[in-house]
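Throughout, read-outs are computed from the coordinates displayed, never taken from laboratory work. Please read these numbers as outputs of a predicted model, since none were measured by experiment. Methodologically, a virtual Cβ is constructed for each residue, glycine included, from the backbone with ideal geometry; neighbour enumeration extends over all protein chains shown.
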Amino acid sequence: MTMDASVPESRQHDLPPMPPRRILAIWCARLSVDRWRLAHGLEPGEGADGEPTALITETAHGSRIDAVNDAGRTVGAQPGTMLADARTVCPTIKVAPSDPAGDLDFLEKLSIWAQRWGPWSALDPPDGVLVDVTAVAHLFGGEVRLLEDVEAAFARRKLAVRTAIAPTAGAAWALAHYGPMRSILGSRDSALQKLADLPIAAFRLDQDVLTVLRRLGLKRLGDLAGIATGPMDRTEAAARDALHRRFRNRKSPSANPLVRLDQLLGKVPEPLLPVVPQQAPLVQRRLLEPIRHRDLLDRVLADLAADMARELEARAQGARRLELGLWRVDGEVLVRKLELAAATRESQHITRLFTTKFDDIDAGFGIETVRLRASWAEPLALKQDDIDAAAERHGTSLAACIDRLTVRLGAKAVRRPVPFASHLPERAQRWQAALDPEPVSQGNLEFSKRPLKLFDKAEKIAVLYASPDGFPQRFRWRGDVREVVRVEGPERIAPEWWRSKSTVRLRDYFRIEDALGRRYWIYRHGIAGDGRGGAPDWYLQGLGA
């Protein structure tokens with residue numbers, strides 16, 4: 001028994017025991033079909049929902065059915081089959097495009113809404129939600145009343161669900177999908193007994209794993225549980241060893257039935273990622289009178305930008321993506337979006353960028369509501385102004401310059417260099433779109449000075465030196481001979497052995513200056529006698545070292 005060091009030992013025996021964990025599983029059995037029906041304003045079983053309908057996805061082999069309504073299932077259409085096969089049994093079946101991204105977004109909203117029954121919830125893609133209801137059921141009059149409340153709330157939203165409560169997420173999922181309606185599992189000790197008759201698919205395994213288990217004669221949870229747990233004779237022990245050997249290299253839980261069994265029984269923890277609702281910073285103006293003139297719209301935008309700056313400052317954040325919505329009197333909504341190269345909350349900078357997007361706005365009979373929302377915000381701590389911050393206020397910083405260029409020329413027309421973790425000079429940077437996030441540096445790249453200009457490709461030169469390993473004394477480049485008066489180096493750079501051949505030679509870099517004060521960055525490719533070629537070659541790679 002472990003003691004809590006933060007509580008005096010004399011009071012540790014008086015602490016109440018921790019309540020057993022309880023997980024609520026909510027399975028939206030017809031999520032895609034219900035979304036399609038709600039989007040068309042249809043009642044269940046009425047109108048178009050009463051006709052056989054399938055939601056399809058176009059694939060390389062034709063249309064595949066992702067979901068069907070009850071009328072479609074009645075005539076024999078099944079999810080996962082091809083539309084051509086379904087038309088052989090029901091030629092009049094209607095089709096509509098499926099929307100997996102919209103389903104996931106809808107499921108995220110449902111998971112946040114489901115937090116009314118517990119302190120946190122987690123997604124169970126593609127059509128389920130898990131809610132932690134530990135020590136919560138008494139607020140609803142017990143777990144039975146809790147499940148009734150869940151089903152009633154979803155029924156009011158015209159969504160079909162199946163629910164279950166169990167000590168683990170795996171057991172709750174199995175009961176919600178394959179158990180009786182409104183299932184409740186009391187404790188882990190009785191899990192095997194109550195779940196033994198459920199099909200093997202209740203383990204949440206991949207389809208190929210289910211096929212292997214069925215071929216082995218394991219069709220129910222009790223079949224696998226009898227082999228993997230409890231006392232066994234010699235035959236059952238051999239079966240368990242065979243099962244371990246077959247799946248021991250499967251790291252994913254959905255590919256290993258033994259891991260799924262331990263998760264269902266609570267012997268192995270199953271990590272769940274809670275859904276944390278985040279409110280995007282939003283400010284708006286509801287105007288007393290609709291506006292139609294550009295100067296009034298600019299004034300409202302400036303006020304909104306100032307409000308957004310204060311909102312972001314209170315959150316210690318800066319905006320990377322802003323959306324401006326303009327509601328016209330006739331109901332049409334005009335939207336203008338803006339992406340920024342760096343997080344900012346400078347109201348003047350935001351106003352200046354948005355005003356360039358107002359040239360093609362048709363106010364119609366007037367604009368009555370203006371809303372500004374930061375759909376993407378990043379941490380931006382408060383700090384004392386410096387030269388760059390002062391320059392940004394006047395719109396002359398690098399990030400402000402990139403923002404103005406992308407607004408004028410388009411995001412795809414502007415690129416910028418970013419550092420890349422490589423000690424080879426020609427690979428030490430890469431080009432990327434101006435608005436893409438900068439990659440996290442994998443090391444300190446400022447280990448040595450580099451010339452002002454680097455050639456795209458190093459140019460071969462002829463060098464005169466006193467000894468094979470000595471300093472260069474003069475060299476010929478582009479037909480002219482240059483006398484070397486100052487030399488600094490060498491800086492040795494080895495090849496990238498993890499991506500280069502074993503015959504690649506190392507480089508010795510020298511910063512040199514000629515008699516006229518011109519500076520160069522040259523390197524010797526290889527060392528005499530290194531066994532990777534003949535005499536070393538010399539190259540000029542940069543100017544102004």
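For GLN317, nonlocal amide neighbours, meaning residues 5 or more places apart or on other chains whose placed amide H falls under 5 Å from its own, are LEU380.
Given segment 137-217 reduced to its alpha-carbon atoms as identical point scatterers, what log10 I(q)/I(0) does the Debye formula return at q = 0.11, 0.12, 0.22, 0.27 Å⁻¹? Results for segment 137-217 at q = 0.11, 0.12, 0.22, 0.27 Å⁻¹ read -0.36, -0.42, -1.04, -1.26. Across the cross-link table entries LYS194/LYS267; LYS219/LYS251; LYS357/LYS412; LYS337/LYS449; LYS94/LYS158, which are compared at the Cα atoms, the separations over 29 Å belong to LYS337/LYS449.
The overall shape of segment 23-166 is prolate: from the C-alpha gyration tensor, with semi-axes ordered a ≥ b ≥ c, the ratio a/c is 1.5 or greater and a/b exceeds b/c. Charging the Cβ of each Asp and Glu at -1 and of each Lys and Arg at +1, and nothing else, the dipole of segment 69-169 about its Cα centre rounds to 340 debye.
Sparsely packed loop sites in segment 456-545 (the chymotrypsin sites (Phe, Trp or Tyr not before Pro) outside DSSP H, G, I, E and B with at most 14 other Cβ atoms within 10 Å) comprise TRP497, TRP498. Put a dot 7 Å past the Cα of HIS244, heading toward its Cβ, do the same for ARG474, and the two dots end up 8.0 nm apart. Among residues other than ILE367 with Cβ under 15 Å from its Cβ, the summed charge is 0 (Lys and Arg +1, Asp and Glu -1).
Taking a sphere under 13 Å around the Cβ of LEU146 and counting the other residues whose Cβ falls inside, with K and R at +1 and D and E at -1, yields a net charge of -1. Along the chain, the exposed loop sites are trypsin sites (Lys or Arg not before Pro) outside DSSP states H, G, I, E and B with at most 12 other Cβ atoms within 10 Å, and the longest stretch free of them is 1-156.
Among beta bridges identified by DSSP and lying wholly in the chain, the antiparallel ones come to about 95 percent.
Full extension of the chain between HIS138 and LEU282 yields a length gain of 48.1 nm, computed as 0.36 nm times the residue separation minus the alpha carbon distance.
Electrostatic tally near LYS337: other residues with Cβ closer than 9 Å to its Cβ, Lys and Arg +1, Asp and Glu -1, net +1. Each 5 Å bin from zero up to the one holding the largest Cα-Cα distance in segment 453-543 carries the following percent of pairs: 3, 14, 24, 27, 18, 10, 4, 1, 0. Under the simplified labelling scheme, the GLU483-GLU51 pair shows an inter-label distance of 9.5 nm, with each label point 7 Å from Cα along Cα→Cβ.
The residue list LEU380, THR351, ALA363 was ranked by how far each Cα lies along the charge dipole of segment 282-407 toward its positive end, using unit charges on Cβ atoms, and LEU380 comes out on top.
The charge dipole of the chain, taken about its Cα centre with unit charges on the Cβ of Lys, Arg, Asp and Glu (plus for the first two, minus for the last two), comes to roughly 1600 debye. Between the Cα long axis of helix 169-178 and the first principal axis of the chain there is an angle of about 50°, rounded to the nearest 10.
Our analysis of the chain gives Rg over Rh at 1.10, with the two radii drawn from alpha carbon positions and Rh computed by the Kirkwood formula. Look at the dipole of segment 453-543 built from charges on Cβ: of LEU506, PHE455, GLY517, the Cα furthest out on the positive end belongs to PHE455. Please identify the longest segment of the chain free of exposed GluC sites (Glu not before Pro), where exposed means a DSSP state other than H, G, I, E or B and no more than 13 other Cβ atoms within 10 Å. Between the exposed loop sites, the longest stretch runs 47-331. Relative to the longest principal axis of the Cα atoms of the chain, helix 294-315 runs at roughly 80 degrees. Remark on ILE23: its backbone amide H falls under 5 Å from those of VAL133, ALA166, THR168, a criterion applied only to residues 5 or more positions apart or on other chains, H modelled at 1.01 Å from N.
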